Amino acid sequence: MRELSVFVDESGNLGDDAKYYLLALVLHDQSKDVFEHIGRYESTLAQRGLRDIPLHMNPLMRANEDYKGMTAQERNRLLTCFSSFAWKCPFSYEVLSYRKSHFKSDGDLFSKMKRDLILLLFDKLETLQAYDIVKIYYDDGQGMVTDALHAAFEYALNKQAIIYRDCTPADFRLQQIADFICEIELAAIKYEANEAGGTERIFFGANRDFKKNYLKKLRKKRLE
């Protein structure tokens, strides 16, 4: 029986001053082992004397939460280790991105997201229908995202094949990869619009370096 896991994360909050809203879906074929890569990642952290902190990009880049008090160099080393793990990990992904000012309300944005998600799933329907079970992992952080996921997946796929799982990012490395993807794709938008600030440049460098070291490698993982 073939199983597909879909880990979902978003970047941007309702009603805040963030310009963009992104939704990332990380797809993992359960027949492809990730535990070997996870073990190597955790061993690398231990060998380099780094704390095994569940990756959360926004706090990492801004020295908040579990990263408070850490130097930029330490946080950069953590990011380097995680990105190396991500490039080797067997997954594919898709991301939807929106400029919030293009919508009159959050409801309009999520209506568009729901439609886009349905179109995306139908575009990849042959791939998705090859699986007997599709497990969707999301932390239910935003109700409108949960509603959009249910509406889109249940419209495109047999409801009997879909299983929903609440998840905590700390418990799933692939959920952390979804968070990582949101930040990389958001940075790509900012660099393209000449909106990248000092924080992005500290961790990703100039646009040319960012594209070479992060974006180009990540885009190889896009769902075909």
Write out, first by first residue and then by second, each pair whose Cβ atoms fall under 7 Å of each other, whose residues are 6+ apart or on separate chains, and whose first residue, in the range 199-224, is basic (Lys, Arg) while the second is in a helix (DSSP H, G or I). Lys217/Trp87
Helices (runs of 4 or more DSSP H) wholly inside the range 1-91 containing at least 2 residues that are touching a residue at least 40 places away in the same chain (Cβ under 8 Å) and surrounded by fewer than 14 Cβ atoms within 10 Å (Cβ to Cβ): 72-88
How many of the residues making up the range 106-158 are outside any helix (DSSP H, G or I) and open to solvent by 70 Å² or more (accessible area, probe 1.4 Å)? 4
Within the range 165-183, can one find any residue that is open to solvent by less than 30 Å² (accessible area, probe 1.4 Å) and free of Cβ contacts under 8 Å to residues at least 60 places away in the same chain? no
Using the structure shown, decide if Ser97 is at pLDDT 95 or above, open to solvent by less than 30 Å² (accessible area, probe 1.4 Å), hydroxyl-bearing (Ser, Thr, Tyr) and within 17 Å of the chain's Cα centre (by Cα). no
With the first residue restricted to the range 95-120 and required to be more than 14 Å from Ala148 (Cα to Cα), and the second required to be open to solvent by 50 Å² or more (accessible area, probe 1.4 Å) and of a type in the set (Gly, Ala, Ser), Cβ contacts under 9 Å at 6 or more apart or on different chains are Phe103/Ser111
Test each condition in (1) out of contact with any His (no Cβ under 8 Å at 6 or more places or on another chain); (2) modelled with pLDDT under 95 for Lys212 and report the one that comes out false. (2)
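The values are calculated or read from the model by the stated rules, or taken from the named source; none is laboratory data. In this text the structure is predicted, and so the values were computed from the model without any measurement. As a convention, Cβ positions derive from the backbone with ideal geometry for all residues, glycine included, and neighbour counts pool all protein chains shown. To get the accessible areas, we keep the full protein, side chains included, count just its heavy atoms, and leave off ligands, DNA and RNA. Shrake-Rupley method; radii C 1.70, N 1.55, O 1.52, S 1.80 Å.
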